[in-house]
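> Below you will find the structure I want to go over with you.
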2 protein chains.
Amino acid sequence: MQNFEFRNPTKIVFGRGTENQVGAEAAAYSKRILLHFGGGSARASGLLDRVKASLRAAGVEWVELGGVKPNPRLGLVHEGVRLCKQEKLGLVLAVGGGSVIDSAKAIAMGAVIDHDVWDFYLGRGAPTSALPVGVVLTIPAAGSEASTGTVVTKEEGALKRAVNSDLIYPRFSILNPEQCFSLPPFQMACGAMDIMAHLMERYFTNVPHVAFTDRLIEATMKTIIAEAPKLQKNPKDYDAWSEFMWAGTLAHNNLLNTGRIGDWASHDIEHEISGIYDVAHGAGLAVVFPAWMKHVLRHDLDRFVQWAVRVWNVELDIFDREATARQGIARMEAFYQSLGLATTLDGLGVRGDRIDEMADKCTDGDVHTVGNFVKLDRSEVAAVLRLAA
Amino acid sequence: MQNFEFRNPTKIVFGRGTENQVGAEAAAYSKRILLHFGGGSARASGLLDRVKASLRAAGVEWVELGGVKPNPRLGLVHEGVRLCKQEKLGLVLAVGGGSVIDSAKAIAMGAVIDHDVWDFYLGRGAPTSALPVGVVLTIPAAGSEASTGTVVTKEEGALKRAVNSDLIYPRFSILNPEQCFSLPPFQMACGAMDIMAHLMERYFTNVPHVAFTDRLIEATMKTIIAEAPKLQKNPKDYDAWSEFMWAGTLAHNNLLNTGRIGDWASHDIEHEISGIYDVAHGAGLAVVFPAWMKHVLRHDLDRFVQWAVRVWNVELDIFDREATARQGIARMEAFYQSLGLATTLDGLGVRGDRIDEMADKCTDGDVHTVGNFVKLDRSEVAAVLRLAA
């Protein structure tokens with residue numbers, strides 16, 4: 001285990017009806033807030049009305065900024081920053097999923113500085129303060145509701161960049177599993193994949209003696225594997241959503257990588273797919289991960305065997321450990337397919353003719369490698385993508 | 001799963017050499033602090049000197065208050081409160097295990113009020129503020145380093161009482177597994193038992209649909225079961241202490257009871273044993289738990305079967321589920337015994353002639369029950385103790 005520091009101050013308010021507490025939670029920080037959300041679903045479900053009623057009851061005034069799209073855009077962030085400064089707002093409240101929260105975090109950093117918040121995304125300086133951020137979560141997937149991260153896309157050049165800072169841990173996140181009842185099955189599947197990906201990126205590490213966090217990660221994976229099929233059958237299963245939603249938060253709140261170094265190559269490779277083709281992040285990950293695993297399997301076969309046996313209940317073949325590990329990958333692929341996710345580029349509707357271009361972009365022309373478990377150069381990224389074809 | 005709120009703001013600083021960061025961590029809160037510790041071990045190991053050097057380097061002045069005993073006493077708490085007020089100290093730094101931390105938390109609450117802090121322990125009012133508390137942990141067991149709890153004993157009448165408040169979450173806790181190298185094997189065993197007890201109290205619940213936290217608790221139990229025997233063989237096994245220490249913190253930091261209601265009868269019963277006889281808390285728990293389990297087994301056999309199969313690797317006998325569950329209890333007893341812990345009152349050197357007295361005190365003369373999983377009245381507490389004889 002490596003030395004580590006861990007502190008996650010986000011207050012989780014979890015359960016039925018908890019969105020009605022948002023006014024009281026917000027009022028603890030400011031009586032004038034930015035109410036930030038996406039499109040029609042929060043409005044159509046009546047959630048936005050309940051949030052407003054709660055704010056009103058707590059004497060909190062708000063300025064609305066809707067219209068966040070998947071892969072949140074810098075343009076809308078700038079608009080939010082302008083509103084926060086002009087209207088002297090003291091909290092950014094995100095009502096939505098990961099994109100809305102990431103956009104809110106960007107606004108919160110931008111509202112307290114004189115220069116463009118995009119500078120931070122380019123690695124020019126780091127934030128030293130931020131407005132507080134609050135969350136009413138509607139989609140369990142990205143884990144942004146209790147994380148330090150934000151990913152924003154600059155429209156010009158379609159540049160997608162991330163910032164990580166302890167300053168943008170949400171102060172509170174309200175999680176009511178009932179909000180998930182209206183999610184389409186495909187979106188649930190993409191969320192399951194996103195959560196599994198957060199867990200697998202952390203699981204595959206070269207740091208020795210991480211047995212405790214191994215087991216915690218396995219426990220979280222098994223939860224998603226157990227609950228997602230129930231949600232496919234019954235999207236209004238409150239109990240299954242409860243397990244799924246809380247697992248999604250813990251998968252990405254930094255607890256599960258204490259003392260470890262994660263991989264993250266698959267995320268980098270997937271970004272190139274979704275950068276060129278219009279595919280959901282989770283759908284892209286379902287294609288990249290099996291291929292990545294087949295490529296790096298022999299780097300630490302024991303770790304893959306442990307994962308296959310413990311997470312996928314593969315019977316250990318002590319005389320053929322590689323077969324055991326491969327059986328784990330096969331069961332994972334079958335699981336994704338059972339949720340309606342493709343596990344090949346072809347199945348995703350993506351032809352294999354731009355693999356070299358993606359590998360080139362992913363490594364900035366073979367200037368750097370991606371991943372920590374195995375460091376992949378341009379040719380190896382291409383090899384992973386060809387395995388995915 | 002029940003609705004819940006969860007927020008744990010304690011900053012964990014974990015790993016080799018981290019005690020040298022204590023000055024910087026403390027200085028963020030105050031330049032004048034109370035340095036609170038126990039007896040000779042922190043001094044003999046050189047830890048106290050390193051802590052002082054770190055404080056000095058960070059420009060932090062301190063007033064010393066040593067002498068905390070197991071089952072920390074109110075008298076010393078009063079002395080600490082007096083020092084904090086007189087010397088205008090702004091942080092209480094605990095260097096030690098659960099007793100030192102609990103005493104520090106009491107001082108932190110008492111230092112900001114005009115009345116006796118014991119009032120809170122008697123349930124008269126609740127704290128509304130407290131000095132910040134910092135921790136350098138030397139014994140993984142009680143979990144007080146990231147918990148809301150403090151247990152203090154008033155000498156007169158040997159009254160042992162608890163307070164729980166979010167205000168006394170330590171602001172930072174420094175965990176260096178190397179500090180555990182000098183713990184005697186019996187103290188390691190008692191710590192393992194204390195941690196297992198925190199997990200079992202949470203595990204045995206009547207709240208349905210808690211599959212995710214079930215798995216997290218099981219993962220943490222399995223970690224203690226795997227690591228304690230290694231430490232028995234080699235008390236300087238850094239890797240094993242790392243897993244053990246981090247598991248001990250997570251076992252009691254409130255994450256693992258999110259959405260659940262724990263039992264806690266065994267803790268109440270054990271308090272009566274250690275109240276009369278001079279036995280360590282962990283040693284008493286090793287006696288109470290097997291008996292409690294045998295007594296309540298049939299209340300929810302499925303839960304015991306799940307625990308036996310998943311935690312103790314018992315093969316499920318689907319035709320005799322009770323035998324499966326009992327095999328789990330037997331393996332648990334064997335585990336404690338392998339660590340040198342007695343699992344009967346007799347083995348503990350306690351005769352069975354004061355069982356009725358203990359059952360009476362535990363229920364305040366049959367006025368209330370203890371436990372939530374099964375509510376035990378006086379006669380049932382006595383039955384548990386007789387099973388433990």
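> Which of the residues spanning region B:204-236 are touching a residue at least 40 places away in the same chain (Cβ under 8 Å) and either farther than 20 Å from residue A:227 by Cα or more than 13 Å from chain A (Cβ to nearest Cβ) (or both)?
Listed by number, the residues that qualify are B:204, B:205, B:206, B:221, B:222, B:225, B:228, B:229, B:231, B:232, B:235, B:236.
> Please verify whether residue B:68 is part of a strand (DSSP E or B), modelled with pLDDT of 95 or more and surrounded by 16 or more Cβ atoms within 10 Å (Cβ to Cβ), treating the condition exactly as stated.
no
> I would also like to ask the following. Just need a number here: residues in region B:211-228 that are surrounded by 22 or more Cβ atoms within 10 Å (Cβ to Cβ) and over 22 Å from residue B:261 (Cα atoms).
Residues in region B:211-228 being surrounded by 22 or more Cβ atoms within 10 Å (Cβ to Cβ) and over 22 Å from residue B:261 (Cα atoms): 4 in total.
> OK, next. Of the conditions (1) touching a helix residue (DSSP H, G or I) at 6+ places or on another chain (Cβ under 9 Å); (2) on the phi < 0 side of the Ramachandran plot, residue B:365 satisfies every one except a single condition; which number is it?
Going through (1) touching a helix residue (DSSP H, G or I) at 6+ places or on another chain (Cβ under 9 Å); (2) on the phi < 0 side of the Ramachandran plot one by one, residue B:365 breaks only (2).
> Another one. Looking at region A:91-104, can you tell me whether even one residue there is touching a residue at least 24 places away in the same chain (Cβ under 8 Å), over 23 Å from residue A:147 (Cβ atoms) and out of contact with any Ser or Thr (no Cβ under 8 Å at 6 or more places or on another chain)? Can you show your working first?
First, pick out the residues of region A:91-104 that are touching a residue at least 24 places away in the same chain (Cβ under 8 Å): A:91-104.
After this cut, where a residue has to be over 23 Å from residue A:147 (Cβ atoms) as well, the list is none.
So far as region A:91-104 goes, no, none of its residues is touching a residue at least 24 places away in the same chain (Cβ under 8 Å), over 23 Å from residue A:147 (Cβ atoms) and out of contact with any Ser or Thr (no Cβ under 8 Å at 6 or more places or on another chain).
> Hey, among the residues in region B:73-118 that are in a strand (DSSP E or B) and of a type in the set (Val, Ile, Thr), which one's farthest from the chain's Cα centre (by Cα)?
Of everything passing the filter in region B:73-118, B:92 is farthest from the chain's Cα centre (by Cα).
> Which residues, counting only those in region A:95-112, are out of contact with any Lys or Arg (no Cβ under 8 Å at 6 or more places or on another chain) and hydrophobic (A, V, I, L, M, F, W, C)?
A:95, A:100, A:101, A:104, A:106, A:107, A:108, A:109, A:112
> For region A:176-202, which positions are within 21 Å of residue A:333 (Cα to Cα) and within 13 Å of chain B (Cβ to nearest Cβ)?
A:195, A:199
> Next question. Take region B:44-54 and flag every residue that is touching an Asp or Glu at 6+ places or on another chain (Cβ under 8 Å) and not small (Gly, Ala, Ser).
Residues satisfying the conditions are B:47, B:50, B:51.
> Restricting attention to region A:24-40, which residues are surrounded by fewer than 22 Cβ atoms within 10 Å (Cβ to Cβ) and not hydroxyl-bearing (Ser, Thr, Tyr)?
First, pick out the residues of region A:24-40 that are surrounded by fewer than 22 Cβ atoms within 10 Å (Cβ to Cβ): A:24, A:27-32, A:39-40.
Within region A:24-40, A:24, A:27, A:28, A:31, A:32, A:39, A:40 qualify.
> Any residue at all in region B:133-153 that is under 17 Å from residue B:68 (Cα atoms), modelled with pLDDT under 95 and surrounded by fewer than 18 Cβ atoms within 10 Å (Cβ to Cβ)?
No, region B:133-153 has no match at all.
> For region B:285-293, does any single residue satisfy the condition of being free of Cβ contacts under 8 Å to residues at least 40 places away in the same chain, within 29 Å of residue A:212 (Cβ to Cβ) and surrounded by fewer than 20 Cβ atoms within 10 Å (Cβ to Cβ)?
Within region B:285-293, none of the residues are free of Cβ contacts under 8 Å to residues at least 40 places away in the same chain, within 29 Å of residue A:212 (Cβ to Cβ) and surrounded by fewer than 20 Cβ atoms within 10 Å (Cβ to Cβ).
> Can you say whether residue B:114 is among the acidic types (Asp, Glu) and more than 14 Å from chain A (Cβ to nearest Cβ), as far as the supplied structure shows?
Against the criterion (among the acidic types (Asp, Glu) and more than 14 Å from chain A (Cβ to nearest Cβ)), residue B:114 qualifies.
> Among residues belonging to region A:11-53 that are within 14 Å of another protein chain (Cβ to nearest Cβ) and of a type in the set (D, E, K, R), point out the one that is nearest to residue A:177 (Cα to Cα).
The extreme case among them is A:16.
> Anything in region A:125-148 that is more than 21 Å from the chain's Cα centre (by Cα) and either farther than 15 Å from residue A:164 by Cβ or in the same structural domain as residue A:193 (by TED's automatic domain parsing) (or both)? List them, or say none.
The answer is A:129, A:131.
> Inspect region A:94-101 for any residue being assigned by TED's automatic domain parsing to the domain that holds residue A:169 and out of contact with any strand residue (DSSP E or B) (no Cβ under 9 Å at 6 or more places or on another chain) and give the result as yes or no.
No, region A:94-101 contains no residue that is assigned by TED's automatic domain parsing to the domain that holds residue A:169 and out of contact with any strand residue (DSSP E or B) (no Cβ under 9 Å at 6 or more places or on another chain).
> Next question, about the same structure. Do you know which residues across region A:232-265 are among the polar types (S, T, N, Q) and under 13 Å from the mean Cα position of the chain (by Cα)? Give the derivation first.
Initial filter on region A:232-265 (among the polar types (S, T, N, Q)): A:232, A:234, A:242, A:249, A:253-254, A:257-258.
Within region A:232-265, A:249, A:253, A:254 meet the criteria.
> Go through region A:260-280 and give me each residue that's farther than 19 Å from residue A:341 by Cβ, buried (at least 21 other Cβ atoms within 10 Å of the Cβ) and not charged (D, E, K, R).
Listed by number, the list holds a single entry, A:265.
> Just checking, how many residues over region A:369-389 are surrounded by 13 or more Cβ atoms within 10 Å (Cβ to Cβ) and free of Cβ contacts under 8 Å to residues at least 24 places away in the same chain? Outline the logic, then answer.
Restricting attention to region A:369-389, the residues satisfying the condition of being surrounded by 13 or more Cβ atoms within 10 Å (Cβ to Cβ) are A:369-374, A:376-378, A:380-389.
Adding the requirement that they be free of Cβ contacts under 8 Å to residues at least 24 places away in the same chain leaves A:369, A:377-378.
Matching residues across region A:369-389 total 3.
> Let me ask something else about it. Find the helices (runs of 4 or more DSSP H) located wholly in region B:264-367 whose residues include 2 or more that are touching a His at 6+ places or on another chain (Cβ under 9 Å) and within 17 Å of residue B:388 (Cα to Cα), and list them.
B:265-276, B:281-296
> Within region B:296-308, identify whether any single residue is at pLDDT below 95 and among the β-branched types (Val, Ile, Thr), and answer yes or no.
No, every residue in region B:296-308 fails to be at pLDDT below 95 and among the β-branched types (Val, Ile, Thr).
> Also: Pull up region A:244-265, narrow it to residues that are under 14 Å from residue A:179 (Cα atoms) and not aliphatic (A, V, I, L, M), then point me to the one that is farthest from the other protein chains (Cβ to nearest Cβ).
A:244
> Let me ask something else about it. Identify the single condition in (1) in contact with a strand residue (DSSP E or B) (Cβ under 6 Å, 6 or more places away or on another chain); (2) farther than 17 Å from residue B:145 by Cα; (3) surrounded by fewer than 20 Cβ atoms within 10 Å (Cβ to Cβ) that residue B:21 does not satisfy, given that it satisfies every other one.
(2)
The values are calculated or read from the model by the stated rules, or taken from the named source; none is laboratory data. None of these values were measured; they are calculated from a predicted model. Cβ atoms come from the backbone with ideal geometry, glycine included; neighbour counts cover every protein chain shown.
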